[in-house]
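Report on the structure given below.
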Amino acid sequence: MPLRATVVSYLGVLLGVVALGAASCSKGGGSGEETPTPTAPTAYALAVPAGFPTPVIPADNPLTNEGVALGRMLFYEKALSSTGTMACGSCHQQSKAFTDGLAFAVGVDGVANPRGTMSLTNVLWSSQLTWDGAFTTLETQALKPLENSIELHQPLTVGVAKLQATKLYPPLFLAAFGTSTITNELALKALAQFERTLISGSSRYDKYMATRQGFTADEVAGLQLYTTHISPGKVRGAECFHCHTQPLMSSNYEGKFFNNGLDLTFADPGRSGVTGVAVDKGKFIAPTLRNITLTAPYMHDGRFKTLEEVLDHYSDHVQMASPGLDNNLIEGINDPPFGTHMDLTATEKKQVIAFLKTLTDSTFIADKRFSNPF
Amino acid sequence: MKNRIFSALAVALLTTAVLSGCKKDGDSSEPTVGTVAFEVENMVGAKDVALDGTAYATASGETFTVTTLKYYLSNIKFSKADGSTYAAPGEYHLVDAAKPSSTSFTVSNVPVGNYTGVSFVVGVDSTTTKGDPLALAGDLNPANNMYWVWATGHIFLKLEGTVTSTNPAKALTCHIGGYRAPYNAIVTASPSLGGATLPVQANHAPTIRLAANVLKIFDGPTPIALSTFPTAMAPSAASVQVANNYAAGMFTVKQVAAN
């Protein structure tokens, strides 16, 4: 969608100009320090894949080349952890679509989190962040893992002071934001800018959607099952699309949370931990299935090691009496009148998995723009 | 998303206005278009709909809860007493009871005048809904989770919850869509302005406050029993009945504010 990209970049330039104008008005406030005159940052050309929704980018944090480049460095900057041993990129590893391969993320002090690291694939389209939607903007979300005692465990003000003391960072903030005075707000804005560029839309599935060609028979059948609601006794399906909605293959854009029948009682309150509402108990965001082959183990607690285990769950082991279980799983019975679960056949499971494998985007994990710059 | 583009344009225009602020008295031609604001209040009977497990009763005494309520309003048309109409192009608004910001929107470029009627499609027109999904933008994009597949197009109205008056309780899944005969569920609502006039002027944006009453989805020209209502998840005769119900009575005008 070149038009949308143009609009987004245009807005970026415009705000850059406005910011520059505002900055130039407030000159002469004698900080004493000799700072070079900042040049306006240049708008980042965000390439939105065909068919994706127009992304929502906060008006006060337009993407710029300088901001994104700075955010990339901060993303991999270990000075932002208390021990100097970890950065965002330690758990959000590009090779694993920005996850870590663990059931539970482990922070600088070796303590495990109660939930797993989430993929950052296409995170700019997420209206609800983290498993329970505790945050709605990347600018506010990033503070949590930075400061949380079982993650990077360092007040951001301390991290910012470390950055300020370097020769490297003050000029980069100057270029990105027109000031070499580093603040929490600007560091979080830069991180958010980088995260918003992590776009994955070059999978085999995307090529198939554009051309309707290139899938094997099993992959076509898998896509069909993925997008089909079961009409008991008439049409067989796997119901995936209700929660893992195309084209992002997640519920992040809609911002909905679901109980997918993992448990009868909930060790983790899920969404209700945020809303305090009983009907939200045990509900979680449906994370993106793009790059799903790279993001094992699966579920918020990493209980399933393989896609086969995931399909076995949805097909055969959903806790049908779990309070608040999603309607589509309650009603999705492929083999009435005696079937009690979705009951996919072995072939159908294989077909769904064959389709899920087409969602892997090898260019995304090899993209140099997203890699560790150090 | 359109809004985003518009806000970019608005910023641009504002900047232009500020920059050209020194030279007064631009051209003095009278603007010929104005804006109409819509506000929708999602209700069950007389109460605002709550998505927190609150149970509601239909006319026949069956009870249900609501977890999801979403629907499209599109193809908005204004009519005058003389029978002339203005059809606003390109208006597709997804109202989601879970998102307060989605319950109000504006329609701009409406020719000035006094209007006495309004109508809108509850859903999406067939030309749009059968288009290439890769070209669907904004509220129409499949990521909004109001879309089946290319062949069947958009879900026009989605109501999900639980029927609590059955034993055991049963899922309530009402996804209404379909644009092909015989199961064409594209319906138009024409709620009466109750004799009020909608005065569209260049410098006054009137507001139409609508109530959307969920009960009328079931308590309509064809009363629907929740206990036997099948899952509606594809174009069908049942979904056309439901669509005719909500076209007939779900939307009422609570107020027309001239502003």
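The values are calculated or read from the model by the stated rules, or taken from the named source; none is laboratory data. Just so it is clear, the model here is predicted, and its values are computed rather than measured. FYI the Cβ positions are ideal-geometry reconstructions off the backbone, even for glycines, and counts take in every protein chain you see.
Note on the stretch B:187-236: among residues that are within 14 Å of another protein chain (Cβ to nearest Cβ) and not in a strand (DSSP E or B), the one that is surrounded by the most Cβ atoms within 10 Å (Cβ to Cβ) is B:233.
Has the stretch B:5-14 got at least one residue that is touching a strand residue (DSSP E or B) at 6+ places or on another chain (Cβ under 9 Å), farther than 20 Å from residue B:189 by Cα and modelled with pLDDT under 95? Yes; the residues of the stretch B:5-14 include at least one that is touching a strand residue (DSSP E or B) at 6+ places or on another chain (Cβ under 9 Å), farther than 20 Å from residue B:189 by Cα and modelled with pLDDT under 95. Among the residues of the stretch A:37-46, are any surrounded by fewer than 13 Cβ atoms within 10 Å (Cβ to Cβ), at pLDDT below 95, over 30 Å from residue A:110 (Cα atoms) and assigned by TED's automatic domain parsing to the domain that holds residue A:184? So far as the stretch A:37-46 goes, yes, one or more of its residues are surrounded by fewer than 13 Cβ atoms within 10 Å (Cβ to Cβ), at pLDDT below 95, over 30 Å from residue A:110 (Cα atoms) and assigned by TED's automatic domain parsing to the domain that holds residue A:184. On the stretch given as the stretch A:226-259, residues that are more than 9 Å from chain B (Cβ to nearest Cβ), within 16 Å of residue A:318 (Cβ to Cβ) and of a type in the set (A, V, I, L, M) total 1.
For the stretch A:59-86, a tally of residues being over 21 Å from residue A:369 (Cβ atoms) and within 14 Å of another protein chain (Cβ to nearest Cβ) returns 2. Among the residues of the stretch A:45-95, the ones that are among the aliphatic types (A, V, I, L, M) and in contact with a Phe, Trp or Tyr (Cβ under 6 Å, 6 or more places away or on another chain) come to 3 in all. I'm trying to understand the selection: among the residues of the stretch A:297-329, which are at negative phi and within 15 Å of the chain's Cα centre (by Cα)? Correct list: A:298, A:300. Looking across the stretch A:314-342, the residues that are in contact with a Leu (Cβ under 7 Å, 6 or more places away or on another chain) and either surrounded by fewer than 20 Cβ atoms within 10 Å (Cβ to Cβ) or among the basic types (Lys, Arg) (or both) come down to A:319, A:321.
Yes/no per residue for (1) assigned to a loop (DSSP other than H, G, I, E, B); (2) aromatic (Phe, Trp, Tyr); (3) on the phi > 0 side of the Ramachandran plot:
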residue	(1), (2), (3)
B:89	yes, no, no
B:157	no, no, no
B:160	no, no, no
B:167	yes, no, no
B:179	yes, yes, no
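Looking only at the stretch A:152-168, residues that are without any contact (Cβ under 8 Å) to a residue 60 or more places away in the chain and either of a type in the set (D, E, K, R) or buried (at least 18 other Cβ atoms within 10 Å of the Cβ) (or both) come to 2 in all.
Scan the stretch A:260-281 for residues that are within 11 Å of chain B (Cβ to nearest Cβ) and either under 20 Å from residue A:126 (Cβ atoms) or not basic (Lys, Arg) (or both) and the total you get is 7.
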